[in-house]
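The values are calculated or read from the model by the stated rules, or taken from the named source; none is laboratory data. Keep in mind it's a predicted model, so treat the numbers as computed, not measured. Neighbour counts run over all protein chains shown; Cβ positions are idealised from the backbone, glycine included. Only protein heavy atoms, including side chains, enter the accessible area calculation; ligands, DNA and RNA are left aside. Shrake-Rupley method; radii C 1.70, N 1.55, O 1.52, S 1.80 Å.
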Amino acid sequence: MAFRLFEGKEHAAVYQKFRFPPPEEIKNTVLKNVSFPHVLAVDIGCGTGQVSRSLAPHFEKIIGVDISEAQLEEARKETNLTNVKYIKCHAEDLPADDGSVDLITAAHAAHWFDKEKFLKEANRVLKPGGCMALFGFTTEIDFSFPGVNPGRLTDIFEEVRQFINTYSHEEK
Ligand SMILES: C[S@@+](CC[C@H](N)C(=O)[O-])C[C@H]1O[C@@H](n2cnc3c(N)ncnc32)[C@H](O)[C@@H]1O
């Protein structure tokens, strides 16, 4: 089931105005884990596009996807970058060929997705050895995937969350 809390135009405009881009440290940590060449990145739940735009200097092409047209409209207003495109679609049904994506990002968004369908779709579109970076302030997310020990993905996410928390402001 998709959660539709980001549909309002006014909400999207405020989001664009006040949402800050990802810290350089997080972006650099993610990029260190992406093999070359950096061809295609897909930023899922891109909202008004802060992460999509930040990836523009590093990839030939970035596709920002979101289920909210209002968020995407704001994202499109913000950029004249020719290598960033925004498409309305679900995280669980991505507009990318099998094995074509070098990096998937989802910033402050993966907790909204249907985890099982999303992970299957991510597995379909990622290149072998491709990188998936899910980050955000959200506290607890459970992941499961066929053939992976129950809790293993959740443990990995929790480990990353603890690491990212070290960059948080003290007033969490
Ligand atoms: C908290 S916002 C984060 C936006 C942006 N990534 C950022 O860091 O500012 C979460 C976004 O995920 C989108 N979203 C929620 N569920 C989704 C789904 N199933 N597929 C695609 N986008 C989704 C929402 O519309 C919203 O724009």
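When the residues Glu121, Glu60 are ordered by accessible surface, computed with a 1.4 Å probe over the protein chains alone, the sequence from largest down reads Glu60, Glu121. Solvent-accessible area per residue in the chain equals 57 Å², computed with a 1.4 angstrom probe and all protein chains kept.
Relative to the compact-globule estimate of 2.2 N^0.38 Å, the Cα radius of gyration of the chain comes out at 0.98.
Apolar share of the accessible surface for the chain: 54 percent from carbon plus sulfur atoms, 1.4 Å probe.
Taking Lys and Arg as +1 and Asp and Glu as -1, the other residues whose beta-carbon sits under 15 Å from that of Phe157 total -3. Extension gain, Val148 to Tyr167: 0.36 nm times the residue separation minus the Cα-Cα distance gives 3.9 nm. The alpha carbon centroids of the range 98-149 and the range 56-95 are separated by 17 Å.
Computed on protein heavy atoms with a 1.4 Å probe, the accessible areas place Val39, Val14, Val125 in the order Val14, Val39, Val125, largest first. Each other residue within a Cβ distance under 14 Å of Ile141 adds +1 if Lys or Arg and -1 if Asp or Glu, for a net charge of -4.
Once you divide the Cα radius of gyration of the range 103-172 by 2.2 N^0.38 Å, the number left is 1.14.
Summing +1 for each Lys or Arg and -1 for each Asp or Glu among the other residues whose beta-carbon sits under 10 angstrom from that of His90 gives -3. Ordered by 1.4 Å accessible area with all protein chains kept, Glu140, Glu116, Glu92 run largest first as Glu140, Glu116, Glu92.
Within the range 21-84, the percentage of alpha carbon pairs spaced more than 14 angstrom apart rounds to 55%. Residues of the chain were split at every exposed loop site, defined as chymotrypsin sites (Phe, Trp or Tyr not before Pro) in a DSSP loop with at most 13 other C-beta atoms within 10 angstrom, and the longest piece left, sites excluded, is 4-136.
Calculated mean residue ellipticity, 222 nm, the chain: -10000 deg cm²/dmol, from DSSP H runs (n ≥ 4) at -39500 (n - 2.57) each, averaged per residue and rounded to 500. In the range 39-111, which trypsin sites (Lys or Arg not before Pro) are in a loop and have at most 13 other Cβ atoms within 10 Å, using DSSP for the loop call? Within the range 39-111, no trypsin sites (Lys or Arg not before Pro) qualify (loop, at most 13 other Cβ atoms within 10 Å). For the residue pairs Lys17/Lys115; Lys27/Lys120; Lys32/Lys85; Lys17/Lys117; Lys88/Lys127; Lys27/Lys61, the alpha carbons lie more than 26 Å apart in Lys17/Lys115; Lys17/Lys117.
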